[in-house]
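*Asks:* The structure follows.
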Amino acid sequence: MVQTYLDPCLHSHGPIDLVVLMLGTNDLKIRFQATPTDIGKGIDRLIKMIIDHSTEETRWTIRKDPFNGTTASWDDLTEIPSGEEMGFERGISYSKRLAPIYEDWAKFHNIEFLDAAKYAKASEIDACHLTRESHRKLGEMVDEKCKEILEI
């Protein structure tokens, strides 16, 4: 779905100075049966779409899904209502494996990377969406990173 939306979005918002790409936790849902490698290939396709649309002056940043590594505070996902949907322990394990994969793709494409899990954590309500405080902290870090990239 993101691929379907991304191309027209890039065309309708040009010229673009900076793209911040954040994949959603939904990719980890058990019903999609996606491995971290599969999800990494998906981010590679999105990065290529952005690069193909961009000019030489454009710079890119990619940041990983905030779910990655953030469930470590729970012993297991059986403690929350949507744990089954996220794949219980599989969701925790897979989320922790995504950051290095995303970072490798960022290095491969020579773009910036920000590990959101260092600043944000998923809500205990659904292990998917950020807490209010995490939104604030992550927003501050993204703002700081964007200013650094744009040199403002």
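*Asks:* Consider Glu84 carefully, then state whether it is more than 21 Å from His129 (Cα to Cα), modelled with pLDDT under 70 and either open to solvent by 50 Å² or more (accessible area, probe 1.4 Å) or outside any loop (DSSP other than H, G, I, E, B) (or both).
*Replies:* Criteria not met by Glu84.
*Asks:* On the given criteria, is Ala120 among the hydrophobic types (A, V, I, L, M, F, W, C) and assigned to a loop (DSSP other than H, G, I, E, B)?
*Replies:* Against the criterion (among the hydrophobic types (A, V, I, L, M, F, W, C) and assigned to a loop (DSSP other than H, G, I, E, B)), Ala120 qualifies.
*Asks:* Could you list all residues from the stretch 99-114 that are out of contact with any strand residue (DSSP E or B) (no Cβ under 6 Å at 6 or more places or on another chain) and open to solvent by 60 Å² or more (accessible area, probe 1.4 Å)?
*Replies:* Those that are out of contact with any strand residue (DSSP E or B) (no Cβ under 6 Å at 6 or more places or on another chain) and open to solvent by 60 Å² or more (accessible area, probe 1.4 Å): Pro100, Asp104, Trp105, Lys107, Phe108, Asn110.
*Asks:* Here are Lys64, Lys96, Lys145: which of them is at pLDDT 70 or above, open to solvent by less than 70 Å² (accessible area, probe 1.4 Å) and within 16 Å of the chain's Cα centre (by Cα)?
*Replies:* None of the others qualify; the one that does is Lys145.
*Asks:* OK, next. Considering only the stretch 5-18, I want to know if a residue exists there that is modelled with pLDDT under 80, of a type in the set (Val, Ile, Thr) and part of a loop (DSSP other than H, G, I, E, B).
*Replies:* Within the stretch 5-18, none of the residues are modelled with pLDDT under 80, of a type in the set (Val, Ile, Thr) and part of a loop (DSSP other than H, G, I, E, B).
*Asks:* Here's another thing I want to ask about it. Does the stretch 115-133 hold any residues that are open to solvent by less than 40 Å² (accessible area, probe 1.4 Å) and under 14 Å from the mean Cα position of the chain (by Cα), and which are they?
*Replies:* Asp115, Ala116, Ala117, Ala120, Ala122, Cys128, Leu130
*Asks:* Within the stretch 123-150, how many residues turn out to be of a type in the set (Gly, Ala, Ser) and in a helix (DSSP H, G or I)?
*Replies:* Going through the stretch 123-150 one residue at a time, the tally reaches 2.
The values are calculated or read from the model by the stated rules, or taken from the named source; none is laboratory data. The model shown is predicted, which means the values in this text are computed figures rather than measured ones. Glycine also receives a Cβ, built like all others from the backbone with ideal geometry; neighbour counts cover every protein chain displayed. Just so you know, the surface numbers come from the protein's heavy atoms only, side chains and all, with ligands and any DNA or RNA stripped out. Shrake-Rupley method; radii C 1.70, N 1.55, O 1.52, S 1.80 Å.
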